[in-house]
């Protein structure tokens, strides 16, 4: 199987730490500081690697922080292809407040990408040999609104399948264009996309099935946090509650879901099996603090429980 290519247009250096209390004005002394390479596609690549798959992570990075991201990528054992940009790669921070169990996430908007840098990104992706492309995370400022449509069309022209995990106008434009293999909106993202309240599972399932039946995406997986997830596809429709696990951090749970589900699909597993693997990975991710993401042993254990249940 060829390596799965992931694309991160707006990556980040993800910092995570813990403190007793977050309050204004005062210095907040932290402990347990950790740093990981981050952004949707990079997180997906980390999960695929953790689960035994091969991947190549394409990412835009620049400035003084771009070289730090390169070091973190190498330290995580990831195969990466960097597209150089002039702007500084953003630094995000997740702070766990021990006294309340609350988590605070500070996420900068990131650099602006020039037309030349966007063209270099397209050319970089075109040069790689892959059957699966995962476009995950937010788009940086400066990209055309149809950037995901262009990427999807170019990948499909070469016979590749495309997974998209994003939100906002770019997701809407991509769905209108169609041709996607898998999308994984959260419930909030699906509400924003449709403009509907979607207050119960039946309504969510109806919208997801309509996307599949219209041909805009072959598979739709909607994540609903502690309420579980829902699958719509031509082969299977499924709704499952989330496994009962201790929650340390919600950061990266969606990326873990996408990484595990994409790897399972690429290995030839059906949508139902891949969906349950994705659910297991998403649940395994919340068991670890900060941006640690999921671990293979936890994923395998939780997947076995989901299958048995």
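The values are calculated or read from the model by the stated rules, or taken from the named source; none is laboratory data. Just so it is clear, the structure is predicted and the values come from calculations on it, not from any experiment. With ideal geometry, Cβ positions are generated from the backbone for all residues, glycine too; neighbour counts draw on all protein chains shown.
Observations on the model:
- Residue that is farthest from the chain's Cα centre (by Cα), among those in region 88-116 that are farther than 19 Å from residue 42 by Cα and surrounded by 15 or more Cβ atoms within 10 Å (Cβ to Cβ): 97
- Restricting attention to region 242-257 and to residues that are buried (at least 24 other Cβ atoms within 10 Å of the Cβ) and outside any helix (DSSP H, G or I), the residue that is modelled with the lowest pLDDT turns out to be 251.
- Of all residues in region 263-281, those satisfying the criterion of being free of Cβ contacts under 8 Å to residues at least 12 places away in the same chain and closer than 19 Å to residue 239 by Cα are 269, 273.
- Failed condition for residue 87, given (1) part of a loop (DSSP other than H, G, I, E, B); (2) under 25 Å from residue 286 (Cα atoms); (3) in contact with a strand residue (DSSP E or B) (Cβ under 8 Å, 6 or more places away or on another chain): (2)
- Screening the candidates 284, 304, 260 for the property of being outside any strand (DSSP E or B), closer than 28 Å to residue 102 by Cα and free of Cβ contacts under 8 Å to residues at least 40 places away in the same chain yields one hit, 284.
- Any hit, region 48-58, residues being part of a loop (DSSP other than H, G, I, E, B), modelled with pLDDT of 95 or more, touching a strand residue (DSSP E or B) at 6+ places or on another chain (Cβ under 9 Å) and more than 12 Å from residue 8 (Cβ to Cβ): yes
- Among (1) under 20 Å from residue 38 (Cβ atoms); (2) under 15 Å from the mean Cα position of the chain (by Cα); (3) touching a residue at least 24 places away in the same chain (Cβ under 8 Å), the one test that residue 132 misses: (1)
- Unique residue being in a loop (DSSP other than H, G, I, E, B), at pLDDT 95 or above and in contact with a strand residue (DSSP E or B) (Cβ under 8 Å, 6 or more places away or on another chain) when the list is 21, 7, 72, 93: 21
- Flag if residue 32 is surrounded by 14 or more Cβ atoms within 10 Å (Cβ to Cβ) and in contact (Cβ under 8 Å) with a residue 40 or more places away in the chain: no
- Across region 120-140, the qualifying residues are those that are outside any helix (DSSP H, G or I) and out of contact with any strand residue (DSSP E or B) (no Cβ under 8 Å at 6 or more places or on another chain), and the one among them that is farthest from residue 108 (Cα to Cα) is 129.
- Among the numbered conditions (1) in contact (Cβ under 8 Å) with a residue 24 or more places away in the chain; (2) on the phi < 0 side of the Ramachandran plot, the only one that residue 110 does not meet is (2).
- For residue 273, the conditions (1) surrounded by fewer than 19 Cβ atoms within 10 Å (Cβ to Cβ); (2) at pLDDT below 95; (3) under 20 Å from the mean Cα position of the chain (by Cα) are fulfilled apart from (2).
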